[in-house]
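Structure, as structure tokens:
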Amino acid sequence: MAALQPSVQQSSVQKQAIFSAATYQLDATKAAHELALQLDNEEIGFVLFFCSSAYDLEALGKEMNHAFSHCEVMGCTSAGEITESGYAKSSISALGFSRRDFKVSGMRVPLEEFDLHAAQLCVSSLIEACQHDQKAPISSNTFVLTLIDGLSPNEERFLVTLDTALGRLPHFGGSAGDDINLANTHVYSDGAFHTESAIVVMFNTHCPFEVFTTHHIESLDSKLVVTEADCTARRVYEFNAEPAAEVYAREVGIALEDLRPEIYALHPLAVLIGDQYYVRSIQKVNEDLSLDFYCAVDDGIVVTAMRPGDLFADTQTKLSAIEARIGELEMTLGCDCFLRRLEIEQAQMRDKAKAMFARFRLIGFNTYGEQLNGIHMNQTLTGVMIGKPPKSGEPYTVSAERKVG
């Protein structure tokens, strides 16, 4: 009987379900090679990555396709990366998902042509692909990730349409960035980078998980009415019948010429939907004193002036509560607004952020916007926390329906 003991112990060992990698090589060939070495594991069936726009994207696309020819690869450009070392720049952060614990299916869709029929076909195709090797019931053990061209005016319409087709399947995601250049943002699929597109990725797993969003922004109860706007362009011309930039500068108590991203991070605006505030972050001031936003803002909308609360306390409280529900963590995939990063860097708290990310094994990227179940937001941390897979011989854990928002 003693001779059998090692094999009995071995059968109960939990194997790794998600693998992480990062590279700071800016040469596309070297970067892809380094990632491939770190993710050199036959268990990996899907690779997800987030990269700086400083790369030669055409070259990187080809090199990633070559380096991971044995599995599907998807990703996007970012406004900063999150690796095991915390916040990073001019880098690539990647995750590899094991075939044993995840069945992953993904698809790129053009934003301009995405109507309800296209959304239904997309969701049906992804479900059908997952059913071929599903790890647990689709309805209760599946979540969906979207990565979207972060400068497209079609984000909101896409999200609402996709959410309708997904039904009760929980969905989250992030808007691709370009290192805060506000020029071109891309998603990656089929060996190349694309604009005016979205990536829809469906994950079916027997690992417990929970999709979440959290923000630390508090209301100041000061209201501004949007009296002239171009919703399609995400541009507000007037608050309270005055030039938008003038009103905003007066509201936050600074000179018009001092408006910049660091100010927007510390003095956000939000809309109240139900009993929840959803931040609408400012992108830039235009010469005509209009304001461009990262989310759509329409005529007649009332926005509330907000202020940051305790980012670290809010985040740790939220993630600790989820961890208590799902058990030991495998990984947290996070879409973290780049304005949160700016706030942390202004406060010189990168090391504190690194420790918090390490505590919850958070990997991901800095976004131009976050998505949760059809809603486009700013200045949030949105993502999915994934628990350890069941040990050999144990049944999978049914993840409760967690469509929130």
Flag if GLY106 is touching a residue at least 60 places away in the same chain (Cβ under 8 Å), open to solvent by less than 10 Å² (accessible area, probe 1.4 Å) and not in a loop (DSSP other than H, G, I, E, B): no
Any hit, the range 318-325, residues being in the same structural domain as GLY86 (by the TED database) and among the β-branched types (Val, Ile, Thr): yes
Where THR382 falls short, out of the listed (1) open to solvent by less than 10 Å² (accessible area, probe 1.4 Å); (2) among the β-branched types (Val, Ile, Thr); (3) not assigned by the TED database to the domain that holds ASN154: (3)
Residue selected from the range 286-313 under the condition under 24 Å from the mean Cα position of the chain (by Cα) and more than 27 Å from VAL160 (Cβ to Cβ), by the criterion surrounded by the most Cβ atoms within 10 Å (Cβ to Cβ): LEU311
Single condition ASN41 does not satisfy, out of (1) farther than 18 Å from TYR188 by Cα; (2) open to solvent by less than 20 Å² (accessible area, probe 1.4 Å); (3) among the polar types (S, T, N, Q): (2)
Residue match in the range 244-256 (condition: of a type in the set (Ser, Thr, Tyr), outside any strand (DSSP E or B) and either open to solvent by 70 Å² or more (accessible area, probe 1.4 Å) or modelled with pLDDT under 95 (or both)): no
Candidates THR146, THR195, filtered to the one that is within 24 Å of SER69 (Cα to Cα), among the polar types (S, T, N, Q), modelled with pLDDT of 95 or more and out of contact with any strand residue (DSSP E or B) (no Cβ under 7 Å at 6 or more places or on another chain): THR195
Which listed residue is open to solvent by less than 10 Å² (accessible area, probe 1.4 Å) and in contact (Cβ under 8 Å) with a residue 40 or more places away in the chain, from GLU155, GLU112: GLU155
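Residue-by-condition table, conditions (1) within 20 Å of ARG234 (Cα to Cα); (2) in contact with a Leu (Cβ under 8 Å, 6 or more places away or on another chain):
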site: GLN276; (1), (2): no, no
site: VAL279; (1), (2): yes, yes
site: VAL285; (1), (2): yes, yes
site: ASP292; (1), (2): yes, no
site: ASP299; (1), (2): yes, no
site: VAL302; (1), (2): yes, yes
site: GLY309; (1), (2): no, no
site: ASP314; (1), (2): no, no
Condition check for ALA31: at pLDDT 95 or above, among the aliphatic types (A, V, I, L, M) and more than 19 Å from the chain's Cα centre (by Cα): yes
In the range 213-239, the residues that are open to solvent by less than 70 Å² (accessible area, probe 1.4 Å) and of a type in the set (S, T, N, Q): THR213, THR214, SER219, SER222, THR227
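The values are calculated or read from the model by the stated rules, or taken from the named source; none is laboratory data. Here the structure is a predicted model, which is why all the values come from computation and not from measurement. All Cβ positions, glycine included, derive from the backbone under ideal geometry; neighbour counts span all protein chains shown. Side chains are part of the model used for accessible areas, which takes the heavy atoms of the whole protein and leaves out ligands, DNA and RNA. Shrake-Rupley method; radii C 1.70, N 1.55, O 1.52, S 1.80 Å.
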